[in-house]
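The structure appears below as structure tokens.
The values are calculated or read from the model by the stated rules, or taken from the named source; none is laboratory data. Keep in mind that this is a model prediction, so the values were computed, not measured. Ideal geometry is used to build each Cβ from the backbone, glycine not excepted, and the neighbour counts take in all protein chains shown. With ligands, DNA and RNA removed, areas are computed over all heavy atoms of the protein, side chains included. Shrake-Rupley method; radii C 1.70, N 1.55, O 1.52, S 1.80 Å.
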Amino acid sequence: MASGTGLVPVVGASAATAPVKPTAQVLDVPVVDGADGAATSSAPGGSPSTSAPSAKPSATPSGKPSATPSATPSGRPSTAAVAPAVPGADAPAEELATGPVRTEDFNMVSVQWDGDPEADVAVQVRVRTDDGWTGWQPLEVEDSAPDPGTAEARGANSGGATSPLWVSGGADAVDVRVQVEGETTTPDGDPAVSGVQASLIDPKTDARTAATSGTPLATARADTGDMPGVITRAQWGADESLRLSKCTAPSYTTSPKVAFVHHTAGTNTYTKAESAAIVRGIYYQHVVVQGWCDIGYNFLVDKYGQVFEGRYGGMDRAVQGAHAGGFNTASFGVSVLGNYETAPASSTILDALARVISWKFAKTQTDPTGKAVLYSAGLGGTNTKYPVGTPVTLNTISGHRDVGSTACPGKNLYSQLPALRTRVAQLMAEKEWDLRQSATPGAPDGTAYFGEPRGTTLSCDWDGDGTDGMAVYSAGRWSIRQTVGNDAADLELSYGSSTMVPVCGDWTGSGKDGIGVYDPATYTWWLRDTASPGAPDHKFTYGFKGVRPVVGDWDGRGRSGIGVYDGYRWWLRGTATPGSAGAVFSYGWPQATPVTGDWDGDGRDTVGVYATGAWWLRNSITPGQPDALFGYGASTDQPVVGRWDTSTLPVTGSSGTSGASGAGSGGSESSAGDAATSTQASRGDGVGVWRTWP
């Protein structure tokens, strides 16, 4: 099985920004007098507070916005009238409303209350944007929660709250109405709902974060085992003081058996540049408004396929979330930004979900199409069905509604879970090639899925059409595709053994590349002129102990030469023949992987090294500093080089990176030998990565 693969490499450390501190305004939502529609208490005048409230917003914050906006939209009453009835509501027992209220700018609104967190309430809001007042939009009651009995649950606010609604572009006025549709008191005679307030959150959409700054940078955290392809907390601007004010350390659970898929509800109308701010707003909502230890989800995915680190504590660890009350133990939660009760999830969203889940499942060898048993921690959140200790058999990829009385993750996304399970299984059973058509950073030009779970990748022009295909070599078995693609191999053949290293090249200048193997025990090359089994067409000895074989057209004459790399020095010959080296020089270090290709399109292959997601490339077979240095990939990836036609491949937007730093090691030895200097105009080779098991 392969890793949960093909994700955007972790945004580089240099992309991390200073913490972004959201602020909020808090409004009381007073009870409406049923006789004449006037609120029983008027909102005080003054400007709203923009400082961060305490863990529970004050019921009487100082400085309230005016109850009436200075400019009333056309056709609207100029005073706070009775809020219209919520469609479908039957004579609510209690009604609360703010009326139109002018505020300072905000991008997110939620409503919270004291009393019964599961009270039967209907909440709607409208806001004023640059385009005027929006229509009334419902807010869903928050359906996630910490597990009952945990320290996090004991420290959380005891009342209820809605999920926050995102307002793309921002708003400067709000109108809130709340209807309590059930009993207004508890069996003990206490109010079922009291102290209703609206929180207007400003997550600072103008803050510069990695998620909004264009192409991600080079891998920064691969050595810690963190997931490649994620926008980290530092990069989306998490203010860690928020969670530290609630809990000093994250809680961990047993290895996750189930992935719960969620949606954040709210709106699907947001830009890619706003996604990081939405995540910051949800973080603020969960910690400050609802009193949790941290953001409830382990990961968040936006509609553009961006993946965000959620709860703090290590993405590769079993951090206990607060996403499915009663079932946060032995699970993790991935939530999609948006409402998928009203819209289906795109292929981009499903692909991002599959990448996250397959990566996590790869670590525990969890079958994405299988079943698992979780034991309820008790009734909490929307879990109103399974008392403490109840064993519940679930799909290993489940929706939140499978353990709670909730619509989450929306009827459309829920119906797509079977396809998601299939996609995760595919990713865990195949290898992913993320290919660029040039030796530059950026997003992949195409993504292909091909090959066995383990092996060595090669890319050569097997059929002489001028473009390279793909191959995976494992224990003497070759799987070859003439072109890049997702289908089965065009050729399956045996040549070599489990102890030999595969190579490929145009040994004779025929225009077609053949296969070969190098025996590190005897330093023997066994080369075939074609991609076919049989006796070697060329057999000779070249190398010494501990070296790795390399192949390239060093002189631009249209046929491949050979070489070896010992971790520091390169020993190159211009032809696939025995003899002395034509060029010897130092470049690289032992932990780096050697790569060769025509980086600048001058018709000659030169050298480079790949390490921890960074490429260090030279445009000549000489020592010196890298001519190109950039990030593309992760430490667990295999580098691959080729001249690909990616026009038929899907573009996932997953793997491009840029901006690695550092320098290669130089040396002093060089000789011309049989490495000629003739050139041939040509499109240069591209770089790619092949995802490997974590």
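Observations on the model:
- Put the Cα centre of region 473-531 next to the Cα centre of region 372-408 and the gap is 51 Å.
- Glu341 accessible area, 1.4 Å probe, all protein chains in place, Å² to nearest 10: 60
- At R0 = 35 Å, FRET efficiency that the Cβ-Cβ distance of Thr648 and Ser532 yields, to 0.05: 0.85
- Surface accessible to a 1.4 Å probe, His400 within the full protein complex, Å²: 0
- Long-range HN-HN contacts of Gly399 with modeled amide H, under 5 Å: Val261
- Panel values: region 286-434, Kirkwood radius from alpha carbon pairs, Stokes-Einstein at 25 °C and 0.890 mPa s, translational diffusion coefficient 155 µm²/s.
- Cα gyration tensor shape of region 477-564, rounded if a/c is under 1.5, else prolate or oblate by comparing a/b with b/c: oblate
- For region 105-117, putting each phi into the Karplus relation 6.51 cos²θ - 1.76 cosθ + 1.60 with θ = phi - 60° gives couplings of 4, 8, 10, 8, 9, 9, 10, 9, 8, 8, x, 6, x Hz, in residue order, rounded to whole numbers and with x for Gly and Pro.
- Length released on extending from Arg548 to Lys272, taking residue separation times 0.36 nm less the Cα-Cα span: 95.0 nm
- Amide hydrogen neighbours beyond the local backbone of Asp294, cut-off 5 Å, H modeled: none
- Residue-count net charge about Leu420 - beta-carbon cut-off 13 Å; Lys, Arg +1, Asp, Glu -1: +2
- For the pair Ser245 and Ala521, the difference between a 0.36 nm per residue extended length and the Cα-Cα distance amounts to 93.4 nm.
- J(HN,Hα) series, region 628-633, from Karplus relation 6.51 cos²θ - 1.76 cosθ + 1.60, nearest Hz, glycine and proline x: 9, 9, 7, x, 6, x
- Relative contact order (percent, whole number), region 110-205, Cα cutoff 8 Å, 6+ residue spacing: 45
- 24 Å Cα-Cα threshold exceeded, pairs from Lys385/Lys411; Lys512/Lys545; Lys21/Lys360; Lys21/Lys272: Lys512/Lys545; Lys21/Lys360
- Candidate aspartates and glutamates for bridging to Lys371, where Cα separation is under 17 Å - those fewer than 8 sequence places away on the same chain excluded: Asp402
- Shape of region 123-197, Cα gyration tensor, a/c cut at 1.5: oblate
- Candidate aspartates and glutamates - alpha carbon under 17 Å from Lys204, same-chain residues fewer than 8 apart omitted: Glu104, Asp105, Asp172, Asp239, Glu240, Glu274
- Whether region 278-339 is rounded, prolate or oblate, judged on the alpha carbon gyration tensor where a/c under 1.5 counts as rounded: oblate
- Label positions at Val388 and Tyr375, each projected 7 Å from the Cα along the C-beta direction, are separated by 1.2 nm.
- Backbone HN-Hα couplings from phi across region 174-187 [Karplus 6.51/-1.76/1.60, Hz, Gly and Pro as x]: 9, 9, 10, 9, 10, 10, 8, 8, x, 5, 8, 10, 7, x
- Virtual spin-label span in nm between Thr185 and Leu491, 7 Å along Cα→Cβ: 8.5
- Ellipsoid semi-axes in whole angstrom, largest first, where each is sqrt(5λ) of the Cα gyration tensor of region 538-615: 19, 17, 9
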